[in-house]
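Working notes, structure below.
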Amino acid sequence: MENIDKLMRSFIVDLGEGDIVSLYDNISQQGKKLRSKLIFEIAKTSRDATKLAAIVEMIHAASLLHDDVIDDADTRRGEESFNAKFGDKSAIMMGDILYSAAFSKLSEFPSAVAACVSNAVALLSAGELADVKLSEFFNTDKNRYMEMIYRKTASLIEASAYAAAVLEGFEGRDFGIYGKNLGLAFQIIDDILDITSNDKTLGKPALHDFKEGKMTLPYLYMYEACEEKEKKYMTTLYKKSLNSYEKDWIKNKMKEYGVIMRCIKEARNLGGEALGAIEKYNMDGLKNIIRQMVERDF
Ligand code: FPP
Ligand code: MG
């Protein structure tokens, strides 16, 4: 993973602008690098795996820089966000730099790889727009949520797996299905953790999504399960800064209706779909990625 960080930095150094490198060094490197892990597990022998991983991580980092501006987020991974430190303008421009440097390197890859990654970035951007739009009202449509998380989160994970498979000479489609389902499960788990974790572990306040207007899967299922009176009360809490009584009410209703367990099961099913797609390759590393994700404490 260190090699990826080095390569990403060297792509920025190649731009020949000292100021940009100094600014770049302020971006947090604390991410989990899920997409890179996936690429290394699939493209085990390809010489270009590190380069692909660096490109994908740069795109991901660019999208988070922009996302924190869009979400007006002060923290990222428990640290002060880049936009909070240097302002929205610098965050947007730094995102543009990362994104375009990554694309310039991506163009050196075979077209099947370049096409799938660049297409994923278009989906990613459309997914972010859908996320913003869906946060403007009390959405109760699960299909719209699933379609949004596919584009916002799963598309780049799907493309990472697909592209890595192409580099290794495997059938891209099987690994794309694996990546897509892994990505969907990942986002659902992230949405569960927003409710079940505390502020310190999350690096942002818990139950933040609901305040931001995001009707994630647990809220969709909770609303579905609630009685009419409870449904009404729930809508009065939407987008509000919740006091501890209101937070507890939401958590208790979720407990009463088995909402978190239902979401965990859904994430596990998606994990199962992912594993099914790559069964014939017998790759323990890919199995472990799914296991570590879905068999954890919530
Ligand atoms: C995080 O979602 C956001 C994303 C995964 C995608 C953001 C995509 C863009 C801003 C499109 C622009 C793309 C480029 C390449 C410049 P979240 O807000 O639910 O998660 P969080 O809690 O980590 O902020
Ligand atoms: Mg965000």
(message) Please go through (1) surrounded by 17 or more Cβ atoms within 10 Å (Cβ to Cβ); (2) more than 16 Å from ligand 2 (Cβ to nearest atom); (3) within 20 Å of L38 (Cα to Cα) for A112 and return the number of the only condition it doesn't satisfy.
(response) (1)
(request) Taking D74 as meeting all but one of (1) acidic (D, E); (2) closer than 24 Å to S118 by Cβ; (3) free of Cβ contacts under 8 Å to residues at least 40 places away in the same chain, write down the number of the exception. (result) (2)
(request) Residue by residue through segment 34-59, note down the ones that are crowded, with 22+ Cβ neighbours inside 10 Å and within 13 Å of ligand 1 (Cβ to nearest atom). (result) R35, I55, V56, E57, M58, I59
(request) Give Y150, Y178, Y162 a once-over and let me know the one that is away from ligand 2 (no atom under 16 Å from the Cβ), at pLDDT 95 or above and touching a Cys at 6+ places or on another chain (Cβ under 6 Å). (result) Y162
(request) Run down L134, L65 and say which single residue is under 26 Å from I39 (Cα atoms) and of a type in the set (A, V, I, L, M). (result) L65
(message) Here are the criteria: (1) more than 16 Å from the chain's Cα centre (by Cα); (2) within 16 Å of ligand 2 (Cβ to nearest atom). Tell me which single one A54 does not satisfy.
(response) (2)
(message) Just the residues that are outside any helix (DSSP H, G or I) and within 14 Å of G176 (Cα to Cα), please, taken from segment 252-298.
(response) I278
(message) What's the total number of residues in segment 69-106 that are within 12 Å of ligand 2 (Cβ to nearest atom), under 21 Å from D19 (Cβ atoms) and at pLDDT below 95?
(response) 1
(message) For the structure I just gave you, tell me whether Y178 is within 19 Å of N269 (Cα to Cα), hydroxyl-bearing (S, T, Y) and either without any contact (Cβ under 8 Å) to a residue 40 or more places away in the chain or surrounded by fewer than 22 Cβ atoms within 10 Å (Cβ to Cβ) (or both).
(response) no
(message) Looking at segment 248-274, I want the residues that are closer than 25 Å to F175 by Cβ and have a partner that is buried (at least 19 other Cβ atoms within 10 Å of the Cβ) and among the hydroxyl-bearing types (S, T, Y) with Cβ atoms under 6 Å, at least 6 apart or on another chain. Which pairs are those?
(response) A274/Y178
(request) Give the residue that is surrounded by the most Cβ atoms within 10 Å (Cβ to Cβ), with candidates limited to residues of segment 209-229 that are acidic (D, E) and more than 14 Å from T140 (Cβ to Cβ). (result) D209
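The values are calculated or read from the model by the stated rules, or taken from the named source; none is laboratory data. Model, not experiment: these values are computed from the prediction. Don't worry about glycine lacking a Cβ; one is built from the backbone with ideal geometry, like all the others, and counts go over all protein chains shown.
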